[in-house]
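Enquirer: There's a structure below that I have some questions on.
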Amino acid sequence: MTPVHFAFSSAFLLGLTGLAFHRTHLLSALLCLEGMMLSLYIALSVWALQLDSSSFSATPMLLLAFSACEASAGLALLVATARTHGTDRLQNLNLLQC
């Protein structure tokens, strides 16, 4: 495994462990998801450059567009949660109640 691949996989795993273990605030969970998406974007970009293929060149841009939509939806959920519940702590959210 090259150092570049190790850096991308460790960045993805760091975001995944942050998402799994540090779930106190919704904002920290959204930041972990964003870090995971950015590491995937950079890994796909490097992979497309290493293969020197034009068929894979649109895939990172598509992933970047989806991650921007995911970030905007997450921030909208964060604002809605902060307005209705007064906080973004995940312990205070009960998904069974409206």
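The values are calculated or read from the model by the stated rules, or taken from the named source; none is laboratory data. Just so you know, these numbers come straight off a predicted model, no measurement behind them. Here Cβ is always computed from backbone atoms with ideal geometry, including for glycine, and neighbour counts include all displayed protein chains. Note: accessible area is taken over every heavy atom of the protein model, side chains too, but ligands, DNA and RNA are not part of it. Shrake-Rupley method; radii C 1.70, N 1.55, O 1.52, S 1.80 Å.
Enquirer: Using a 1.4 Å probe and ignoring any ligands, DNA or RNA, find the accessible area of Phe8 and quote it in Å² to the nearest 10.
Expert: Phe8 exposes around 40 Å² with every protein chain in place.
Enquirer: Could I have the simple spin-label model distance between Thr24 and Ala71, label points 7 Å from Cα toward Cβ, reported in nm to one decimal?
Expert: Modelled inter-label distance: 2.5 nm.
Enquirer: Could you give the angle, 0 to 90 degrees to the nearest 10, between helix 26-51's Cα long axis and the longest principal axis of the Cα atoms of the chain?
Expert: That helix lies at roughly 10 degrees to the long axis.
Enquirer: Another question, if that's okay. Working from the alpha-carbon coordinates of the chain, get Rg over Rh, Rh being the Kirkwood radius. Walk me through the numbers on the way to the answer.
Expert: Working: Rg = 16.6 Å, Rh = 15.1 Å.
That ratio is 1.10, to two decimals.
Enquirer: When the helices in the chain are scored as -39500 (n - 2.57) per DSSP H run of 4 or longer and the sum is shared across all residues, what 222 nm value do you end up with, to the nearest 500 deg cm²/dmol? Let's see the in-between values first.
Expert: On the way: 3 runs with 72 residues, N = 98.
For the chain, the value works out to -26000 deg cm²/dmol.
Enquirer: Tell me the per residue accessible area of the chain using a 1.4 Å probe; a whole number in Å² is fine.
Expert: Working: 7070 Å² over 98 residues.
Each residue of the chain exposes 72 Å² on average to a 1.4 Å probe.
Enquirer: Taking only Cα atoms, what is the 0 to 90° angle, nearest 10, from helix 59-85's long axis to the longest principal axis of the chain?
Expert: So the inclination is approximately 10 degrees.
Enquirer: For a quick check: with amide H placed at 1.01 Å from N, whose amide H comes under 5 Å from His25's, ignoring anything fewer than 5 positions away on the same chain?
Expert: Counting only residues 5 or more places away or on other chains, the set is Leu90.
Enquirer: For every other residue with a beta carbon closer than 13 angstrom to the beta carbon of Leu78, add +1 if it is Lys or Arg and -1 if Asp or Glu, then tell me the sum. The partial results should precede the final answer.
Expert: Working: positive: Arg83, Arg89; negative: Glu34, Glu70, Asp88.
That sum, taken over residues with Cβ under 13 Å, equals -1.
Enquirer: Can you tell me the orientation of helix 3-21 relative to the chain, as the angle in degrees between its alpha-carbon axis and the longest Cα principal axis, to the nearest 10?
Expert: 10
Enquirer: With a cut-off of 8 Å between alpha carbons and a minimum separation of six or more residues, what is the relative contact order of the chain in percent? Before the final figure, lay out the partial values.
Expert: Working: 68 pairs, mean separation 28.0, N = 98.
This gives 29 percent for the chain.
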